[in-house]
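The values are calculated or read from the model by the stated rules, or taken from the named source; none is laboratory data. Predicted, not measured: the structure shown is a model, and the values here were computed from it. So basically every Cβ, Gly included, is an ideal-geometry build from the backbone, and we count neighbours across all protein chains shown. Quick note on the areas: whole protein, heavy atoms, side chains included, nothing else; ligands and nucleic acids left out. Shrake-Rupley method; radii C 1.70, N 1.55, O 1.52, S 1.80 Å.
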Amino acid sequence: MDEHGATLQIGDRSLELPAVPAHQGNSGVDISKLRAAEGIVTFDPGFANTASAQSTITYIDGTAGKLTHRGYAIEELANSCSFLEVAYLLLFGHLPNKNQLEQWQDSMKRHSLLNEELKRFFNAFPKRAHPMAILSSATNAISTFYEEYHDPQDEEAIVQSAQRLLAKMPTVAAWSYKKSTGFPYIYPRNDLSYVENFLHMMFALPTEPYHVDPVITKALNVLLILHADHGQNCSTATVRFVGSSQANLFASVAAGMNALWGPLHGGANQKVVEMLSDIANDPDATTESYIARAKDKNDPFRLMGFGHRVYKNYDPRARILKKFADDVLDRVKGDDPLLEVAQQLEETALNDEYFASRNLYPNVDFYSGIIFRALGFPLRMFTVLFAIGRLPGWIANWKEMNEDPTTRIARPRQIYIGEESRKFVPLHQR
Ligand code: ACO
């Protein structure tokens, strides 16, 4: 394709498809007139070749293994920023100055409490409820308290809703965990930072003072930044899809959370640690036997934390986390046999022709679970931590979509392959 686009040949007719140029990465061809002009549609399972949006938020170079947000390298953001700074960058397109950051942090403190009526909502779940189910349900439930902020075209309402969601999510997440333990819910404290406050609500008890460990705070800050956004992944595309019907921000984000929960997406971080524990605890299991299972097409097992739709190289977030896992373990926990199993598994996979020929490398979920575990988080909270991290990305994409005048309701076509015409048989004759 040149800068003018492409020509599609259909029998003896040809159709000019205009170019949609990218600043970096794959440019597109505009097929929006194809069906009207030719009566055909494109077929692209999993949308692997379809750009559903033009975006200025995140760029991924899957071949080089590079990730930038608003033009800044992920490595630099993870090294030098707070999670709230990165959230601001994603939402508003630029890094905050000192005043803007202070106001932004203050707004998080002003909105971190949940309405007391929501306590009854938490109480209604069974103790064994998965915290991801509570998280998405609570996000929907919170929308009922703020109906006057639902208009997706009202700029002020969008910023208010974004602040509320970001501010309340650590409280919701921590309470979903407290629910499963039976311990009292802990209220947010305005003298603590965003990440410290979350750790406090997760782990403090009313009976004694709780010291927030600065090493854990710093590590969690980096982890949240590494999860903050990632282009049109399954959950973000879901947020946009739902939002395209002009559903409110809370409802759209709740849908994204449910998409994240799946084991092929954010749920993989829990599944990775379950897989590593199975290998470590089963005397008959070896990394080789798990690799063999992952390669066996008759076995549904996949190597969790490996492979990615966009990266055909090492995921830069996994590269940061691999090194980080060693540091964090040294400082907070000492050894974890799972890290050794993970390293062996990675080495065996990367030297295996099956994984090499398919460009399958560790993704962000491969090492994140080991670090979450070292920081003291229970397994079932791992995907919730991913969700807290991804929240700014979901909101930024929802906001960008609503600001884009070319946005239309998402409504793909299908290729019908069912019965053509059947003679109806009344119930008493079937
Ligand atoms: N283990 C074994 N084989 C794999 C794996 C894996 N983890 N991932 C991909 N493959 C194989 C596929 O079987 C396929 O082989 P084939 O060409 O012989 O049929 C080939 O590699 C290409 O894989 P696809 O499934 O077509 O790739 P797709 O882009 O659709 O899927 C996905 C990407 C879902 C991430 C996949 O790699 C996977 O299931 N990984 C494990 C789950 C996981 O870690 N998910 C987290 C992703 S990161 C995130 O969402 C935050």
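Assorted remarks:
- Solvent-accessible area of ASP12 with every protein chain in place, 1.4 Å probe, in Å² to the nearest 10: 140
- Net charge of Cβ neighbours under 14 Å - reference TRP104; Lys, Arg +1; Asp, Glu -1: +1
- Relative contact order, percent, the chain [alpha-carbon distance under 8 Å, six or more residues apart]: 19
- Put simply, when 218-231, 105-118 are sorted by average Cβ atoms within 10 angstrom per residue, most first, you get 218-231, 105-118.
- Length-normalised contact order of region 170-282 in % [C-alpha pairs under 8 Å, at least 6 apart]: 15
- Only Lys, Arg, Asp and Glu carry charge here, each on its Cβ (+1 for the first two, -1 for the last two); on that basis region 1-159 has a dipole of about 760 debye about its Cα centre.
- Compactness ratio for the chain: Cα radius of gyration over 2.2 N^0.38 Å (N = residue count) comes to 1.06.
- Relative contact order for region 77-182: 34 percent, from Cα pairs under 8 Å spaced at least 6 residues apart, divided by residue count.
- Members of LYS98/LYS323; LYS66/LYS98; LYS218/LYS322; LYS119/LYS179 lying beyond 22 Å, as alpha-carbon distances in this model show: LYS98/LYS323; LYS66/LYS98
- Accessible surface, per residue, of the chain when the full set of protein chains is kept, probe 1.4 Å, Å²: 52
- Charged neighbours of ARG13, selected by a Cβ distance under 14 Å, balance to -2 (K, R count +1; D, E count -1).
- Sparsely packed loop sites in region 7-115 (the chymotrypsin sites (Phe, Trp or Tyr not before Pro) outside DSSP H, G, I, E and B with at most 15 other Cβ atoms within 10 Å) comprise PHE43.
- Cα-based reach from LYS297 at 23 Å (exclusive), listing lysines while leaving out same-chain residues under 8 positions away: LYS271, LYS312
- Region 47-135: C-alpha gyration tensor shape, a/c 1.5 cut-off, then a/b vs b/c: oblate
- Rounded Å value of the spacing that divides the Cα centres of region 147-170 and region 9-70: 31
- Within the accessible area of region 1-85 (1.4 Å probe), percent carbon and sulfur: 50
- Calculated [θ] (222 nm, deg cm²/dmol) that DSSP helices of n ≥ 4 give over the chain, each run adding -39,500 (n - 2.57): -15500 deg cm²/dmol
- The trypsin sites (Lys or Arg not before Pro) of region 295-335 that meet both conditions, a loop assignment by DSSP and at most 10 other Cβ atoms within 10 Å of the site Cβ, are LYS297.
- Anisotropy class of region 221-325 from Cα gyration tensor, a/c 1.5 cut: prolate
- In this Cβ point-charge picture (+1 for Lys and Arg, -1 for Asp and Glu), region 341-424 has a dipole of about 560 debye about its Cα centre.
- Sum of side-chain charges, GLU75 neighbourhood, beta-carbon under 10 Å (Lys, Arg +1; Asp, Glu -1): +2
- Separation of the GLU147 and SER289 label points, Cα + 7 Å toward Cβ, nm: 5.8
- Distance from region 254-284 to region 81-145 (C-alpha centre basis), Å: 24
- Sparsely packed GluC sites (Glu not before Pro) within region 328-430, loop by DSSP, other Cβ within 10 Å at most 14: GLU419, GLU420
- For region 308-340 and region 361-410, distance of Cα centres in Å: 17
- Taking a ≥ b ≥ c as the square roots of the Cα gyration tensor eigenvalues, region 293-419 comes out oblate, since a/c reaches at least 1.5 and a/b does not exceed b/c.
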